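Coordinate-derived values only; no laboratory data. Because the structure is a prediction, the values reported are computed rather than measured. Note that we place each Cβ from the backbone using ideal geometry, even for glycine, and neighbour counts take in every protein chain shown.
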Amino acid sequence: MAYQLSKAESSYTASGLLLSQRLDGRSLLDYRPITVEAGVAPTANGSARARIGDTEVVVAVKLDVKKMGEDGEGGRCVCSVECSPSAYPQLDRDSLSDLSADLSTLLSTYLTPIVSTPELLIIPSQLYWQASVDALVLSSSGNVHDTLFAAVRAALWDLRVPRTRGVVYEVPGGGDDVAMGEDGGSSVEKAGVLDHMRGMKRGAVDFDLVDGADDGTPLEGRSDLPVCVTLNLLSPVFYLDATIPEELCAPTRLLLFIRPSGTLCGIHKLGEAELPPAELKEALQEGVRLGKELGGAMNARMGGMGGKRMGPFS
Amino acid sequence: MSEMEEIVGSPFLNKLSGPESRFEPLNSGNLRSDGRRPLELRSFEAELTTHPSADGSASVSHGLTQVTACVYGPREAKNRGLTMHDRALVNVEVSVAPWAGEMRRLRSRGDKRTLEFAASIKSTFEPVIQTTLYARSEIDIHIHVLQLDGGLLQASINATTLALVDAGVPMLDYVSSLSAGLYHTTAMLDLTSVEESDLPSVTVAVLPRSGKVTLVSMETRLHVDRFEEMFKLAMEGGKVLRGEMDRVVRERTAALARQMEGGVALKEDDKMDTDL
Amino acid sequence: MPREVEPSINQREFISSAIQEGIRADGRAPLQARQMVIRFGNELGWVECSLGKTRVIAQVCATVTRPFLERPFEGIIVINSEFSPMASSAYETGRPSEEEVTISRMLEKTIRRSEALDREALCILAGQKVSIVWVWTLRVTLHFLSDEGNLLDCACVAAMAVLRHFRKPDIEVVGDEVTVFPPEERAPVPLALHHQPMCVSFAFLGPKNALVVDPTHLEEQLANGTMSISLNAQREICVLQKAGGVALPADEVMRAVNVAVLRVRELNDIVTKALEKDSKTRVIEVR
């Protein structure tokens, strides 16, 4: 990164951290104020804006109808992260797109298993909703990863999958076309209808959107979506929610993806420094605890209010 | 029968019977598709200093179109070779969020449309900003389009004006912009994207104080005789919009002045309290 | 990106004081354009246009391809603008400069967006599925040979002239079979054009922003602002682009529009006459 810290600044920040003193007066495991706002993009199926301190990320999820491939593969999500030049004024065009590509890869690696749920199937083995998750990093003052994944989580929480029902057309001789349908509240029911029809002659299988009072059904497992907690390891201490100078002081940074239920579903290490396993163990335990806390707090906030939700956590 | 069904299932039909063919820009009650009267604008909202890390920033929304502009500078130029000895260099970068429009679309930065768009914003503001005051420096304008429902150019220009005001960059005047369209003989203002795709439309940017026009952009076919009415109406509308923009700036400045007198309430804290 | 040498102060002052007296450096009146010369090549679909020292070559070729998925009944038109350092040292291959983007977008809007060509007439074989549809793809390539100002107008005339000059091979459809006849067997057919938009560019010069038509390169550099209007002979505005630059009263814009109306008529006559002259030299044998 082109952003560099002078030796004096770096050693000042680092020695402060070792003494549990941070420049902005937080303790090592404190977050800056976290603000999450859902439903910021009306044209998307789910969207959210998250801020941690001055770092701001907007995420929108769009659903598109896609045909499944030959191998029955489907439900893949497409991710893109774009870093605005205003967030990284010190970077040139090329390194900016490198950074965007890095973040996109990270996002799609951890999101693909989460988003490929049966709820996104419209007609099994034929059509599915392809979720495109697009993020825009508007400004950054450290800890982009946590902010990004908080925004993604909130956008997925906000996501409403349109209700559909299967339609079966009966081919000639059968008189009127038969529209079979059942509220697609659960995909199992939908599949049942179609299986039932499979025995009959049929021409095309299509689907209908069901009008409803709401825009659709939220994802079922949304309260157990993982959060990302970045642990900055500066042996022997570790700290959360680093600002840019603090990030530069940490030789190793661990991204932990933790579900509020307490399971760890991903670890990603940033930085070139080597890491003794003993240190990792302690960091992991603490990280999981913090992740559970953060996830729980987000769930409580997001579930408690409708529409615009904001919440500072600590 | 079976042929009918073939067509029902085919994607072509959606095109044929899509909103385009049934779209009625003005109904019998002289109301537009979203219930506005022909000369009514969409709700205009503007907020200043949305991004504290920038020197000046503003977010503007016209109905569902939402644009954020950030201004950096005047500052030392990144590329020394491009600086000018007698005035500041103005750079404009535009990025359109992939989810902004109806369809998801990833646009690269090198896209010709985006480049053209950035170029026209640049040349709109170059003569308005008093660039001669900042020789050998540069002013960067970053525009983010977060939501798109017609009026991209107008929203971007208005957001940029407010961001420049917020950054304290001296300008000759506000630049306020508005789009106008024509349905048969009725002119209408502030078009949505459906209306934009169906009607001839023009976007005009004016310097309201002098009443002069700095940008005119029309990309649809229209007879010369019809053009003038629509064009002049858009100019009038732009002047009205300036009043709104001025109000936002004044309110923001008054709030800042109050905070300075009070001495305690910082902006962030203030905002947090109202939100909770 | 190489930056062009800026005009000297003397040049600037000379041009601006001259225009106040209604005189231009090359002796033209403010609303007088340079002479447009159109030359056709031996083959159909090759035109060279020159406007003073500005020169542009336009070329068309047609190939049979599949259509775009979203427009299955329409042919494809591609407009390539080839800027090379040959035209002026300001152009560089690679990342296009703002000026190049503006010119190529303007051509694109004038010719493609205004529906100058009947794209549906370029469809050869229609069908329910895109995989069996064949259409013509027209590729209009514009080579900019020398930039002495007002490349856009020159390119636009060249493009319209070449589209009117070009003949596409005749075809015959029997069932699902398409036969394309070489020109020796059957006379090629002209393209179906809806209308003929032409572009007229203006510059605003001097302290009083005097309106000047067909600016030279120097005038473009010194201009306080420029404006381009595309119109057809039916007095329909297709594109009107005044992207920033100096602010003007509305009446000045309307004045430019009216000047453009007359100029387009003039340009259209020039192109039509040149085409007539050229067609007399060609023999079309109908068998």
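Given the options B:Leu191, B:Leu64, B:Leu31, state which has the largest fluctuation in a GNM of chain B using a 10 Å cut-off (strictly under) for Cα springs. Of the options given, B:Leu31 has the highest mean-square fluctuation. Of C:Glu13, A:Glu274, A:Glu246, A:Glu293, the sequence from fewest to most neighbouring Cβ atoms within 10 angstrom is A:Glu274, C:Glu13, A:Glu293, A:Glu246. For the residues C:Gly45, C:Gly244, C:Gly22, a GNM of chain C with alpha-carbon springs under 10 Å puts the largest fluctuation on C:Gly244.
Take each residue in A:38-50, count the other chain C-beta atoms within 10 Å of its C-beta, and the mean is 3. Does the protein assembly as shown come out rounded, prolate or oblate, given a ≥ b ≥ c as the square roots of the eigenvalues of its C-alpha gyration tensor, rounded meaning a/c under 1.5 and, failing that, prolate meaning a/b above b/c? Verdict is oblate for the protein assembly as shown. Measuring between their Cα centroids, segment B:54-114 and segment A:128-144 lie 19 Å from each other. Projecting the Cα positions of C:Ile103, C:Val60, C:Cys199 onto the charge dipole of chain C (unit charges on Cβ atoms of Lys, Arg, Asp and Glu, taken about the Cα centre) puts C:Cys199 furthest along the positive direction.
At an R0 of 30 angstrom, the distance between the Cβ atoms of C:Phe181 and C:Glu70 translates into a FRET efficiency of 0.50. Partnerless cysteines in the protein assembly as shown, where a partner means another cysteine C-beta under 4.7 angstrom, comprise A:Cys77, A:Cys79, A:Cys83, A:Cys228, A:Cys249, A:Cys265, B:Cys70, C:Cys49, C:Cys61, C:Cys123, C:Cys154, C:Cys238.
Between C:Arg112 and C:Ile132, the simple label model (points 7 Å from Cα in the Cβ direction) yields a spacing of 3.0 nm. On the beta carbon distance between C:Val174 and C:Lys280, with R0 = 35 Å, the FRET formula returns roughly 0.50. Counted by Cβ distance under 14 Å from A:Glu279, the other residues give a net charge of 0, where Lys and Arg count +1 and Asp and Glu count -1.
Separation of the alpha carbons by more than 29 angstrom is noted, of B:Lys78/C:Lys208; B:Lys232/C:Lys208; B:Lys122/B:Lys232; A:Lys67/C:Lys168; A:Lys7/B:Lys122, for B:Lys78/C:Lys208; A:Lys67/C:Lys168; A:Lys7/B:Lys122. With each label modelled as a point 7 angstrom along the Cα→C-beta vector, the B:Arg226-A:Ala300 pair spans 6.1 nm. Highest average first, the peptides A:144-151, A:85-92, C:176-183 ordered by how many other beta carbon atoms sit within 10 Å of their residues are A:144-151, A:85-92, C:176-183. Does a label point 7 Å from the Cα of C:Cys61, set along Cα-to-beta-carbon, have any residues of segment C:113-145 with amide nitrogen under 17 Å, and which are they? Those under the cut-off are C:136-144. Report the calculated FRET efficiency for C:Ser146 and C:Leu125 (r = Cβ-Cβ distance, R0 = 30 Å), to the nearest 0.05. It comes out at approximately 0.10.
Of the peptides B:69-75, C:75-81, C:38-44, B:204-210, the order by per-residue mean of other Cβ atoms within 10 Å, starting with the highest, comes out as B:69-75, B:204-210, C:75-81, C:38-44.
Relative contact order, whole percent, for segment B:26-92 stands at 18, derived from Cα pairs under 8 Å and 6 or more residues apart. For the residue pairs C:Lys109/C:Lys273; A:Lys62/A:Lys292; B:Lys112/C:Lys109; B:Lys112/C:Lys53, alpha carbon separations beyond 18 Å are given by C:Lys109/C:Lys273; A:Lys62/A:Lys292; B:Lys112/C:Lys53. Listing C:Arg12, A:Arg49 from fewest to most neighbouring C-beta atoms within 10 Å gives C:Arg12, A:Arg49. Take each residue in B:200-210, count the other chain C-beta atoms within 10 Å of its C-beta, and the mean is 2.
For chain C, the relative contact order comes to 20 percent (Cα pairs under 8 Å, sequence separation of at least 6). In a simple Cβ point-charge model (Lys, Arg +1; Asp, Glu -1; nothing else charged), segment B:29-123 has a dipole of about 340 debye relative to its Cα centre.
Would you mind telling me which residue in C:Ala159, C:Ala223, C:Ala121 has the biggest mean-square fluctuation in a Gaussian network model of chain C, where springs connect alpha carbons within a distance under 10 angstrom? Most flexible of the set in this elastic network: C:Ala121.
Remark: relative contact order (chain B) = 17 percent; criterion is Cα-Cα distance under 8 angstrom and separation of 6 or more residues. Counts of other chain beta carbons within 10 angstrom of each beta carbon in peptide C:231-242 average 6.
The fewest-to-most ranking of B:Val213, C:Val37 by surrounding Cβ atoms within 10 Å reads C:Val37, B:Val213.
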